[in-house]
Amino acid sequence: MKRRFFLLYLLMCLMLWLPMAQADDDCFLMDVDALDMTRLNQNDYVYQYLAAQAQGLRVTKTIPGGEAQPVRLSLVEMINQTLVFDKDYGHQSSCFDSGSIYLPYLGGGTTPYLVTLYVGDMVYAIPFMQLQARLSNNGACTYGAHLYDYAPYLGQDWLMGTMLDLNALRGQGYMAVDLCASNCYLIGQADIYYHDGRISVTLSLNPAANAELHSLSIYVNTQCAGLSSALDGTAYGQGEWIPVGDAASALLYMPMTVSYDPSALSTYGYDLSHGYLLNQLELWRQNVAGM
């Protein structure tokens with residue numbers, strides 16, 4: 001009977017402890033004693049040891065001298081110079097642990113914080129970079145005009161298609177087109193090769209994106225006037241050779257699903273008055289007209 005009671009008690013303790021452990025998993029542990037204070041002004045050091053995709057922060061520090069000392073901790077969000085946390089922990093001895101401190105959600109992008117820990121007469125000012133969370137199962141495609149800007153019936157969302165100048169590609173043998181994700185970020189490029197009346201497409205993803213490709217289909221249409229959807233025709237895979245014959249141009253539509261880290265990536269703009277996009281629309285017009 002006593003053994004059953006002990007096991008039941010142990011199970012209840014575990015159930016109470018688990019949510020706390022899960023909460024700490026979302027917080028970055030900043031062990032002040034483990035940091036090299038002489039390198040806190042070096043970006044590479046900060047991004048290696050003081051940056052994380054975390055919802056919060058937890059600060060620990062061994063109290064020197066063996067006697068209790070007053071401890072205070074503050075956090076300032078540096079973009080808006082906003083004090084987001086300030087607490088007097090009273091006198092602490094042995095090892096100080098702030099507990100989990102959850103940071104406010106400020107939207108996309110990396111958010112820098114200044115963490116200031118006061119222990120007795122000592123002051124430790126430490127940067128922390130809260131990185132943007134990883135984006136999962138987001139749409140991606142090649143850079144070009146939105147499908148609905150070519151023709152309203154081709155698509156309703158932000159995904160784009162790229163009009164390929166096949167005459168230019170024949171002369172060069174190769175061209176690269178930017179890869180766009182989430183209607184915002186550049187995640188790499190599509191490498192397009194031409195050989196003997198066929199083209200092949202492979203991906204070169206930016207290592208900084210740490211991207212995972214979940215799905216990819218490649219559609220190439222040389223006769224755009226007859227299209228009812230950008231998905232018309234055969235769906236090819238990466239690296240397959242796709243016949244284009246002697247066509248002057250073709251619509252490349254390459255819908256993808258990817259997961260990636262956006263914090264170190266560049267964004268892109270979209271302006272139909274821009275020369276590249278104007279040229280995309282002109283290539284479409286010429287193709288539809290049979291030119």
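The values are calculated or read from the model by the stated rules, or taken from the named source; none is laboratory data. Small disclaimer: the values here were computed from a predicted structure and weren't measured. No Cβ is skipped: glycine too gets one built from the backbone with ideal geometry, and neighbour counts run over all protein chains shown. Side chains included, ligands, DNA and RNA excluded: accessible areas come from the protein's heavy atoms. Shrake-Rupley method; radii C 1.70, N 1.55, O 1.52, S 1.80 Å.
In table form, for the structure just shown:
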quantity	calculated
Single match in Ala140, Ala168 (criterion: hydrophobic (A, V, I, L, M, F, W, C), modelled with pLDDT of 95 or more and over 27 Å from the mean Cα position of the chain (by Cα))	Ala168
Residue, surrounded by the most Cβ atoms within 10 Å (Cβ to Cβ), within the stretch 141-169, restricted to residues that are touching a strand residue (DSSP E or B) at 6+ places or on another chain (Cβ under 6 Å) and among the polar types (S, T, N, Q)	Thr142
Count - residues of the stretch 83-107 that are under 26 Å from Asp261 (Cα atoms) and open to solvent by less than 60 Å² (accessible area, probe 1.4 Å)	6
Lone unmet requirement of (1) of a type in the set (Ser, Thr, Tyr); (2) modelled with pLDDT under 95; (3) within 30 Å of Met129 (Cβ to Cβ) for Thr257	(2)
Options Tyr270, Tyr260, Tyr193, Tyr236; residue that is aromatic (Phe, Trp, Tyr) and open to solvent by less than 20 Å² (accessible area, probe 1.4 Å)	Tyr260
Subset of the stretch 154-178 (residues that are free of Cβ contacts under 8 Å to residues at least 60 places away in the same chain and not in a helix (DSSP H, G or I))	Gln156, Asp157, Trp158, Met160, Gly173, Tyr174, Met175, Ala176
Contacts under 7 angstrom Cβ, first residue in the stretch 228-244 being at positive phi, partner surrounded by 15 or more Cβ atoms within 10 Å (Cβ to Cβ) and among the aromatic types (Phe, Trp, Tyr), 6 or more apart	Gly233/Tyr219
Among the candidates Leu252, Leu205, Leu265, residue that is farther than 26 Å from Ala151 by Cβ, touching a Phe, Trp or Tyr at 6+ places or on another chain (Cβ under 9 Å) and buried (at least 20 other Cβ atoms within 10 Å of the Cβ)	Leu265
Set Ala51, Ala23: member being within 32 Å of the chain's Cα centre (by Cα), modelled with pLDDT under 90 and surrounded by 10 or more Cβ atoms within 10 Å (Cβ to Cβ)	Ala23
Scan of the stretch 238-262 for residues that are farther than 27 Å from Glu282 by Cβ and of a type in the set (Val, Ile, Thr), ordered by number	Thr257, Val258
Count of the stretch 56-73 residues which are surrounded by fewer than 17 Cβ atoms within 10 Å (Cβ to Cβ), touching a Leu at 6+ places or on another chain (Cβ under 8 Å) and more than 13 Å from Met30 (Cα to Cα)	1
Verdict on Glu212 being within 30 Å of Ala133 (Cβ to Cβ), touching a residue at least 40 places away in the same chain (Cβ under 8 Å), open to solvent by 40 Å² or more (accessible area, probe 1.4 Å) and of a type in the set (Asp, Glu)	yes
Among (1) within 32 Å of the chain's Cα centre (by Cα); (2) free of Cβ contacts under 8 Å to residues at least 24 places away in the same chain - the single one Leu277 does not satisfy	(2)
